[in-house]
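A.B. asks: Got a structure for you, written out below as structure tokens; questions coming shortly.
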Amino acid sequence: MKQDIFQAISDPTRRAILALIATQALTPNAMAHQFDMSRQAVSKHIKVLHECELIKPEQLGREIYYHFNARKMQEFDNWLAQFRKTWETQFNQLDQVLLTMKKNKK
Amino acid sequence: MNNHLLFDFTVDKAAKTVFITREFDAELDLVWDAFTKAEILDQWGAPAPMRCQTKYMNFEVGGRRFYAMIGPDGQERWSVQEFTSITPKTNFKMYNAFADKDQNRELPGSEWDYNFSEQNGITTVSITIFNESFERMEKLLEGFRIGFTMTLTNLENLLVTLSQK
């Protein structure tokens, strides 16, 4: 089941985790320490972020480091740009409709 | 064309909210009608090459608009809008949800809040859309994406047609 990216980033702790690992890949233990949280709580957040591909795991020796997946965030931004474009198109259409309405009114 | 008219589109990802503001070179009465009357909404309410067709619209509190977005391939995607608050020529709110052709809604939907104001013959419309989930917004775009590359050509055609009227 793919995670909802909006749900993933609507949580303040998960946003803080993203901000933190954007500068440096971290292990779950390091995150737990950083946020003064239990390993279980961190694992839950990691699961959500990983499922929507906002973070990527990398095995280094016995430890797993999580990286920020900037590409996924970029995809999300591209998607929003398209959404914006559909609105622009509709509003340009509305400009024309209003123009016609104005003419007909005269 | 109309480059002087403001268009602002921002998304607060964390709050799952989209804010859209657009100015129109027309008086408030016309713009209000364009957003609240089915026969006018159907002329612009879907980005070309899609079109929009309203089956019925009861623009009153508790009333509904049942409409379809129709792709160039004829595929229909139905939605139900339920009007939750109306202050004539100032504001209206609605709850929008996808539906099947028998008006069974797929919840959750999204909450829309429209504000209208006029200054010196320019009408500003501000829209706030709150979405329960991002998946839903993604679906909304999927509907739009059909034939999306054709959009610009079709828009040009529309402009030609309209200017000939």
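The values are calculated or read from the model by the stated rules, or taken from the named source; none is laboratory data. Values in this document were obtained by computation on a predicted structure and should not be read as measured data. Cβ: placed from backbone, ideal geometry, glycine included. Neighbour counts: every protein chain shown.
Results for (1) under 25 Å from B:Lys16 (Cα atoms); (2) charged (D, E, K, R); (3) touching a residue at least 40 places away in the same chain (Cβ under 8 Å), shown as yes or no for each residue.
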{"residue": "B:Pro72", "(1), (2), (3)": "no, no, yes"}
{"residue": "B:Ser85", "(1), (2), (3)": "yes, no, no"}
{"residue": "B:Phe98", "(1), (2), (3)": "yes, no, yes"}
{"residue": "B:Ser110", "(1), (2), (3)": "yes, no, no"}
{"residue": "B:Phe116", "(1), (2), (3)": "yes, no, yes"}
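A.B. asks: Which of the following residues is touching a helix residue (DSSP H, G or I) at 6+ places or on another chain (Cβ under 8 Å) and either more than 9 Å from chain A (Cβ to nearest Cβ) or of a type in the set (Lys, Arg) (or both): B:Met69, B:Met94?
C.D. replies: Numbers: B:Met94 fails: touching a helix residue (DSSP H, G or I) at 6+ places or on another chain (Cβ under 8 Å).
Among B:Met69, B:Met94, only B:Met69 is touching a helix residue (DSSP H, G or I) at 6+ places or on another chain (Cβ under 8 Å) and either more than 9 Å from chain A (Cβ to nearest Cβ) or of a type in the set (Lys, Arg) (or both).
A.B. asks: For the range B:1-40, name all the residues that are of a type in the set (Val, Ile, Thr), touching a strand residue (DSSP E or B) at 6+ places or on another chain (Cβ under 9 Å) and not in a strand (DSSP E or B). Let's see the steps before the verdict.
C.D. replies: Residues of the range B:1-40 that are of a type in the set (Val, Ile, Thr), as a first pass: B:10-11, B:17-18, B:20-21, B:31, B:36, B:40.
With the extra rule that they be touching a strand residue (DSSP E or B) at 6+ places or on another chain (Cβ under 9 Å), the set shrinks to B:10-11, B:17-18, B:20-21, B:31, B:36.
Passing the criteria: B:Val31, B:Thr36.
A.B. asks: Related question: Taking B:Glu76 as the residue in question, decide whether it is at pLDDT 95 or above and either of a type outside the set (Phe, Trp, Tyr) or on the phi > 0 side of the Ramachandran plot (or both). Before you say what the answer is, go through the steps one by one.
C.D. replies: Working: at pLDDT 95 or above: no; either of a type outside the set (Phe, Trp, Tyr) or on the phi > 0 side of the Ramachandran plot (or both): yes.
Spelling it out, it is not the case that B:Glu76 is at pLDDT 95 or above and either of a type outside the set (Phe, Trp, Tyr) or on the phi > 0 side of the Ramachandran plot (or both).
Yes or no, residue by residue, for (1) in contact with a strand residue (DSSP E or B) (Cβ under 6 Å, 6 or more places away or on another chain); (2) under 30 Å from A:Gln24 (Cβ atoms):
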residue	(1), (2)
A:Val48	no, yes
A:Gln59	no, yes
A:Tyr66	yes, yes
A:Asp77	no, yes
A:Glu88	no, no
A:Lys105	no, no
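A.B. asks: With the condition kept exactly as written, say whether any residue in the range A:23-39 is touching a strand residue (DSSP E or B) at 6+ places or on another chain (Cβ under 8 Å) and under 30 Å from B:Pro108 (Cβ atoms).
C.D. replies: No - not one qualifying residue is present in the range A:23-39.
A.B. asks: Looking only at the range B:6-23, count every residue that is more than 7 Å from chain A (Cβ to nearest Cβ) and modelled with pLDDT of 85 or more and tell me the total.
C.D. replies: So the first thing to find is which residues in the range B:6-23 are more than 7 Å from chain A (Cβ to nearest Cβ), and the list is B:6, B:8, B:10, B:12, B:15, B:17-19, B:21, B:23.
Next, from what is left, pick out any that are modelled with pLDDT of 85 or more: B:6, B:8, B:19, B:21, B:23.
Number of matching residues: 5.
A.B. asks: Collect the residues in the range B:34-61 that are within 15 Å of B:Asn91 (Cβ to Cβ) and either within 11 Å of chain A (Cβ to nearest Cβ) or β-branched (Val, Ile, Thr) (or both), keeping them in residue-number order. Give the steps one after another, and end with the answer.
C.D. replies: From the range B:34-61, those within 15 Å of B:Asn91 (Cβ to Cβ) are B:35-36, B:59-61; that's our starting set.
If the condition is that a residue be within 15 Å of B:Asn91 (Cβ to Cβ) and either within 11 Å of chain A (Cβ to nearest Cβ) or β-branched (Val, Ile, Thr) (or both), then B:Phe35, B:Thr36, B:Val61 are the ones that fit.
A.B. asks: Can you tell me which residues in the range A:57-71 are buried (at least 17 other Cβ atoms within 10 Å of the Cβ) and out of contact with any Pro (no Cβ under 8 Å at 6 or more places or on another chain)? Show your work before the answer.
C.D. replies: If we filter the range A:57-71 for residues that are buried (at least 17 other Cβ atoms within 10 Å of the Cβ), which is where we start, we get A:65-66, A:68-69.
Matches in the range A:57-71: A:Phe68, A:Asn69.
A.B. asks: Quick test for you: out of B:Glu118, B:Glu106, pick the one residue that is within 18 Å of B:Phe35 (Cβ to Cβ) and among the acidic types (Asp, Glu).
C.D. replies: Details: B:Glu106 fails: within 18 Å of B:Phe35 (Cβ to Cβ).
Only one candidate qualifies: B:Glu118.
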